[in-house]
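Worksheet: one structure, shown below.
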């Protein structure tokens, strides 16, 4: 895939009051004379793009769209992004329970979708990109995003069930290594009740979420630069499969084809 001719990327830590809801901020400015295509594989987070430049083409489970600013809910399939020319904006990575808390809407409505901000009926978010475009410098922009998200948090009334929060954190810490029955028994809920409440507040069910989190770990072991924490590459694809709990190399390949739309080798080559 083509790489941009010029790139600026600045990371920032969200306000402490957003801990547990917002993972990180990234300011970016890119320009390329040729088409840049990137594979955005599923992860255990949701992405808010506050675009201050031309729109970005997206091609994923919901079909092709060309938004400038959008929210990507939890996905269990990849999205291909493409642009030519300038891209400029702020990326906000949120936990799925953070999106549920901030927006107060059923998360399964956002699963495998990338609605534009003006489709979310949240004026605080819809007007944010234009205000960011008039700010001088990244620190001021990140501060404005803090202010907007803190206002949504203060105004909102939705809070995840403690049982769902616990189940989600258990899946995250185990990289998807806990079965649904074990989660249900630990919460004291039936499997069906856990599935319904989990989907409403996370977006995907616990089994699909576990699948995504296990895939995310495998992808980070293949390409350590994708990890937000310390991650060392495991030697062979068979080693990655064993480390992440896949039955064998063939199982790993099938999961990459299903979730990323390519083989592990093709995925690694795209990020090399």
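Treating r as the C-beta distance of residue 166 and residue 12 and R0 as 35 Å, the FRET efficiency rounds to 0.75. Calculated on the alpha-carbon coordinates, the convex hull of region 162-271 measures out at 105 cubic angstrom per residue.
When you restrict to C-alpha pairs under 8 Å that are six or more residues apart and normalise by the size of region 41-115, the relative contact order lands at 41 percent. With the simple model of a label 7 Å out from the Cα in the direction of the Cβ, residue 174 to residue 105 spans 3.2 nm.
Taking a ≥ b ≥ c as the square roots of the eigenvalues of the alpha-carbon gyration tensor, region 9-90 is classed oblate because a/c is 1.5 or more while a/b is no larger than b/c. Packing order of peptides 140-150, 25-35, highest average first: 140-150, 25-35 (average count of other Cβ atoms within 10 Å over each peptide's residues).
Highest average first, the peptides 15-24, 167-176 ordered by how many other beta carbon atoms sit within 10 Å of their residues are 167-176, 15-24. Across region 6-155, the mean sequence separation of Cα contacts (distance under 8 Å, 6 or more residues apart), normalised by length, yields a relative contact order of 27 percent. Here the spin labels are modelled as points 7 Å beyond Cα on the Cα-Cβ line, and at residue 88 and residue 66 they lie 2.0 nm apart. In terms of its alpha-carbon gyration tensor, the chain comes out oblate; a/c meets the 1.5 threshold, while b/c is at least as large as a/b.
Taking a ≥ b ≥ c as the square roots of the eigenvalues of the alpha-carbon gyration tensor, region 6-155 is classed oblate because a/c is 1.5 or more while a/b is no larger than b/c. Note: relative contact order over the chain, using C-alpha pairs below 8 Å and six or more positions apart, is 18 percent. The calculated FRET efficiency for residue 153 paired with residue 236, based on their beta-carbon distance and R0 = 35 Å, is about 0.20.
Just so you know, all these numbers are worked out from the coordinates, no wet-lab data involved. These figures come from a predicted structure and were not determined experimentally. We place every Cβ from the backbone using ideal geometry, glycine too, and count neighbours over all the protein chains shown.
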